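Novice: Here it is, the structure in full.
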Amino acid sequence: KGKPNEYLAQGWQSETAAFSGQLQRSQQFSDGAFESAKRLDQKDVAAQIAVAAAGRDALFGACERVKEQITKAFSITSRHVTKGNAGNALASCGEFTQAQSIIAELTRRFPTDTVLNKILLPLVQARIELQRGNAAQAVQLLETTRPYEGYALFQIAYLRGQTYLDQKKGMDAAAEFQKMLDHRGWHPTSPLYPLAHLGLARAAQLTGDPARARQAYQNFFALWKDADPDIRTIQVTNE
């Protein structure tokens, strides 16, 4: 605390709090990290912190904060990766028009950017199609991302698993969530890692494997034993 790189530690604390399902603590730490980086005139770092916070809040269903975080990021920088990640967060919260506008602008400006065109664009489009009820189209859009899944830090595998759950394809969904559990090194502190246990439990239910489902639920609850009780996007009490 009080050191020039304080924002780094606060960022790590924010990630680990989110990993444990503690959204409020995670928000407090990321807000502190943003202010620390901004005070040091680390503009790109501050923008990345804000847009990462938007993605986390979208995952946890705190969509009322997403636009606030994106506004903070855009007030500092207009870097294309920051804007692409902002589009991803907006798509997660159903803000399709704004998300598509951001992605359309970026692909027009950077037609040869691999990260943008092979990862962020199909990820955003797939999120939109899934929320529109077009799970099969979402899976198809994600096919081009397979060579880059490690870079995407679980997001692609998790979204593909969700689309398979939506289609009631339990075995396919289980394979995606198990892939995340087998490759934790892609992003050791990602909140998507514990959620992969939850996804695996739901997939096992679909395949008629109650023992596997029970074990996966137990693993999830062990990781989230200190989670906030009011996280809106994760409904498990009736399962």
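Novice: Of all residues in segment 115-134 being part of a helix (DSSP H, G or I), over 15 Å from the mean Cα position of the chain (by Cα) and free of Cβ contacts under 8 Å to residues at least 24 places away in the same chain, which is nearest to Leu159 (Cα to Cα)?
Specialist: Glu129
Novice: Follow-up. Looking at Ala50, is it touching a helix residue (DSSP H, G or I) at 6+ places or on another chain (Cβ under 6 Å) and either assigned to a helix (DSSP H, G or I) or more than 22 Å from Arg127 (Cβ to Cβ) (or both)?
Specialist: yes
Novice: Further, regarding this structure: Considering every residue within segment 63-86, establish whether at least one is within 19 Å of Thr189 (Cα to Cα), in contact (Cβ under 8 Å) with a residue 24 or more places away in the chain and either touching a Lys or Arg at 6+ places or on another chain (Cβ under 9 Å) or hydrophobic (A, V, I, L, M, F, W, C) (or both).
Specialist: No, there is no match, as no residue in segment 63-86 is within 19 Å of Thr189 (Cα to Cα), in contact (Cβ under 8 Å) with a residue 24 or more places away in the chain and either touching a Lys or Arg at 6+ places or on another chain (Cβ under 9 Å) or hydrophobic (A, V, I, L, M, F, W, C) (or both).
Novice: So which residues in segment 14-32 are open to solvent by less than 20 Å² (accessible area, probe 1.4 Å) and not in a helix (DSSP H, G or I)?
Specialist: Result: Gly21, single match.
Novice: Does any residue of segment 33-43 turn out to be closer than 20 Å to Gln13 by Cβ, free of Cβ contacts under 8 Å to residues at least 12 places away in the same chain and either open to solvent by 20 Å² or more (accessible area, probe 1.4 Å) or not acidic (Asp, Glu) (or both)?
Specialist: Yes, segment 33-43 contains a residue that is closer than 20 Å to Gln13 by Cβ, free of Cβ contacts under 8 Å to residues at least 12 places away in the same chain and either open to solvent by 20 Å² or more (accessible area, probe 1.4 Å) or not acidic (Asp, Glu) (or both).
Novice: Here is a further query. Would you pick out the residues in segment 202-216 that are open to solvent by 30 Å² or more (accessible area, probe 1.4 Å) and on the phi < 0 side of the Ramachandran plot?
Specialist: Selection gives Arg202, Gln205, Leu206, Thr207, Asp209, Pro210, Ala211, Arg212, Arg214, Gln215.
Novice: Now a separate question. Could you check Gly61 against (1) under 17 Å from the mean Cα position of the chain (by Cα); (2) in a helix (DSSP H, G or I); (3) under 26 Å from Trp224 (Cα atoms) and say which number it fails?
Specialist: Unmet condition: (2).
Conditions (1) open to solvent by 40 Å² or more (accessible area, probe 1.4 Å); (2) more than 23 Å from Val45 (Cα to Cα), marked per residue:
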| position | (1), (2) |
| --- | --- |
| Lys83 | no, no |
| Arg108 | yes, yes |
| Asp113 | no, no |
| Ile119 | no, no |
| Ile128 | no, yes |
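Novice: Which members of segment 44-57 meet the condition of being surrounded by 18 or more Cβ atoms within 10 Å (Cβ to Cβ) and charged (D, E, K, R)?
Specialist: If the condition is that a residue be surrounded by 18 or more Cβ atoms within 10 Å (Cβ to Cβ) and charged (D, E, K, R), then Arg56, Asp57 are the ones that fit.
Novice: Next question. Which ones in segment 135-172 are outside any helix (DSSP H, G or I), among the hydrophobic types (A, V, I, L, M, F, W, C) and open to solvent by less than 40 Å² (accessible area, probe 1.4 Å)?
Specialist: Within segment 135-172, Ala152, Phe154 meet the criteria.
The values are calculated or read from the model by the stated rules, or taken from the named source; none is laboratory data. This structure is a prediction, so every number in the text was calculated from the model and none was measured. All Cβ positions, glycine included, derive from the backbone under ideal geometry; neighbour counts span all protein chains shown. Please note that ligands, DNA and RNA were not included when accessible areas were found on the heavy atoms of the full protein model with its side chains. Shrake-Rupley method; radii C 1.70, N 1.55, O 1.52, S 1.80 Å.
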